[in-house]
Amino acid sequence: MALAKRIIPCLDVDNGRVVKGVQFVDICDAGDPVEVARRYDTQGADELVFLDISASHEGRDTIVHVVEQVAGEIFIPLTVGGGIRTVEDVGRMLKAGADKVGINTAAVADPDLVRRAADKYGAQCIVVAADARCVSQPLKSTSSGMLSHSLRAQGEPPRWQIYTHGGRRETGIDVIEWVQRMEQYGAGEILLTSMDRDGTKDGFDLELTCAVSDSVGIPVIASGGVGSLPHLVDGVKLGHADAVLAASIFHYGEFSVGEAKQFMAAAGIEVRL
Amino acid sequence: MNSVAVIDYGMGNLRSVSKALEHVCPEASIHVTNDPTVITEADRVVFPGVGALREAMAELKRLSLDDLIKQQIKQKPFLGICLGMQALFDSSEENGGCEGLGILPGRARYFGQNRVDKTGHRLKVPHMGWSMLSLTRDHPMWHGIAPGSRFYFVHSYYVEPEQDDHIAAVCDYGGAFCAAVSATNVFAVQFHPEKSQAMGLRLLDNFMQWNGQ
């Protein structure tokens, strides 16, 4: 039996509270990170990602306590991202109990940060979060699960660029070149988010996911666009993702992590059941 | 009194290890420490670690923990985790080659970039995620661990013991590799029991009850 494909719920944290409408039927306090983490752990989540979206310094300080609390009770891997600017930030999260730290905007501003952090703490704990947008032409909407063959049919190969600041700021950096460079610098994993698909529920950008996953030797987590369980299957089978990340389908109680895993197993994907 | 020293030499997430031990054994006294006295007086020793072996060995030497570990490992139940397993062996291919503690014969090898699965797909390195163990022998540490249980791994190097009778479990990643070793009172695992949910906690519980025989 081979390595299981991982299913990773993502939680947005603002000022120490989980936001973005987590709705579990029988949870006492849907905003409590420990309660939400515990629920996903019980459902069989393979890892958890906490994304700190606090705007203020005070807000960002609270994520450390969130990590401490969750890591003290939930014994699965925990990744923390958002607002990581320095090697010291990485160290603080690891000390609080995070297993991996996601670096996004700061890596674009200072790529060597990834090298310094990986040298100090090991590649296994450095996740480079890459936010990508298709720039070769206006995005074609495709039916779920289908690769966008229309792009190739029109002659222009798809190209994607790295965006920062939540997808608002363009960098001019080619995504494939970027992830390969980050792998060389010591990233242990890539968290790839399609900003075109994020929040659309149209499914992953499978061409992007496949292009990135096949271009690096480190694991790739697909993110952005999951609206149904077949999307998760497509992410692995067509996108070649090593792990799939989703937020809203789990938060709003549409599906449990367990249901997602059963669905993937029935589709022939190896998962931890 | 059941006391455990979790050796702190600055390599990795020790909080998770101590919290998981507290979780399975609330009455035990758990010390995350590099104090030789505390380590010497503890009933059990956990030797965790992630990252690079060369740095780990440098830190162990700087803190004068290398000789202490060699001495303590003969005397009490001892659990190595991840880098703490690899460090027990003679050497590693890491960074063009570096020496370990040389307590067990064998070396750590790199997975390499050309590993493929049974269908010919290139395997990613690090080996990161949940893989199944095949237990190769009975051991008190395996008590209650169901065959085919999955544990969380994250590593680019794996141990190749010289003595087959040291291997306690294997795992497959483009070929079998050693996932756990045992030698009298020493047990060591490549995976992270503190991150392997219920089965990982079970293993740590077993360790807290193990008499080292």
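The values are calculated or read from the model by the stated rules, or taken from the named source; none is laboratory data. Predicted model, so just to flag it, every value in this text is computed and none were measured. Here Cβ is always computed from backbone atoms with ideal geometry, including for glycine, and neighbour counts include all displayed protein chains. Surface accessibility is based on the protein's heavy atoms, side chains included, excluding ligands, DNA and RNA. Shrake-Rupley method; radii C 1.70, N 1.55, O 1.52, S 1.80 Å.
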Legend entry - Candidate set from the range B:153-167 (those that are within 17 Å of B:LEU135 (Cβ to Cβ) and in contact with a Pro (Cβ under 9 Å, 6 or more places away or on another chain)); member that is surrounded by the most Cβ atoms within 10 Å (Cβ to Cβ): B:PHE153
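Among the residues of the range B:184-194, are any assigned to a helix (DSSP H, G or I) and out of contact with any His (no Cβ under 7 Å at 6 or more places or on another chain)? Working first, answer last.
Let us first name the residues in the range B:184-194 that are assigned to a helix (DSSP H, G or I), namely B:193-194.
Those left that are additionally out of contact with any His (no Cβ under 7 Å at 6 or more places or on another chain): B:193-194.
Within the range B:184-194, one or more residues are assigned to a helix (DSSP H, G or I) and out of contact with any His (no Cβ under 7 Å at 6 or more places or on another chain).
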Inset, instruction - Determine, yes or no, whether A:GLY44 is touching a Leu at 6+ places or on another chain (Cβ under 9 Å), surrounded by fewer than 20 Cβ atoms within 10 Å (Cβ to Cβ) and at pLDDT 95 or above. - result: yes
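For the range B:36-145, give me every one of the strands (runs of 3 or more DSSP E) that falls completely inside it and has 2 or more residues that are within 13 Å of chain A (Cβ to nearest Cβ). Can you show your working first?
Details: elements: B:44-47, B:78-81, B:89-92, B:104-110, B:127-132.
Counting at least 2 such residues, we get B:127-132.
Is it the case that some residue within the range B:167-177 is assigned to a loop (DSSP other than H, G, I, E, B) and at pLDDT 95 or above? It would help to see each step written out before you state the result.
The initial filter retains those residues of the range B:167-177 that are assigned to a loop (DSSP other than H, G, I, E, B), namely B:173-175.
With the extra rule that they be at pLDDT 95 or above, the set shrinks to B:173.
Yes; the residues of the range B:167-177 include at least one that is assigned to a loop (DSSP other than H, G, I, E, B) and at pLDDT 95 or above.
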Legend entry - Unique match (being open to solvent by 10 Å² or more (accessible area, probe 1.4 Å), under 24 Å from B:HIS127 (Cα atoms) and away from chain B (no Cβ under 12 Å)) among A:SER223, A:SER256: A:SER223
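Condition check ((1) outside any helix (DSSP H, G or I); (2) within 14 Å of chain B (Cβ to nearest Cβ); (3) over 30 Å from A:THR200 (Cα atoms)) across all residues:
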{"residue": "A:THR42", "(1), (2), (3)": "no, yes, no"}
{"residue": "A:GLY59", "(1), (2), (3)": "no, no, no"}
{"residue": "A:HIS65", "(1), (2), (3)": "no, yes, yes"}
{"residue": "A:GLU68", "(1), (2), (3)": "no, yes, yes"}
{"residue": "A:PHE75", "(1), (2), (3)": "yes, yes, yes"}
{"residue": "A:LEU113", "(1), (2), (3)": "no, no, yes"}
{"residue": "A:ALA118", "(1), (2), (3)": "no, yes, yes"}
{"residue": "A:ASP131", "(1), (2), (3)": "yes, no, no"}
{"residue": "A:SER136", "(1), (2), (3)": "yes, no, no"}
Inset, instruction - Could you check, for the range A:190-209, whether at least one of its residues is within 14 Å of the chain's Cα centre (by Cα) and within 11 Å of chain B (Cβ to nearest Cβ)? - result: yes
Inset, instruction - For the range A:9-41, name all the residues that are of a type outside the set (D, E, K, R), touching a helix residue (DSSP H, G or I) at 6+ places or on another chain (Cβ under 9 Å) and modelled with pLDDT of 80 or more. - result: A:PRO9, A:CYS10, A:LEU11, A:VAL13, A:ASN15, A:GLY16, A:VAL18, A:PRO33, A:VAL34, A:VAL36, A:ALA37, A:TYR40
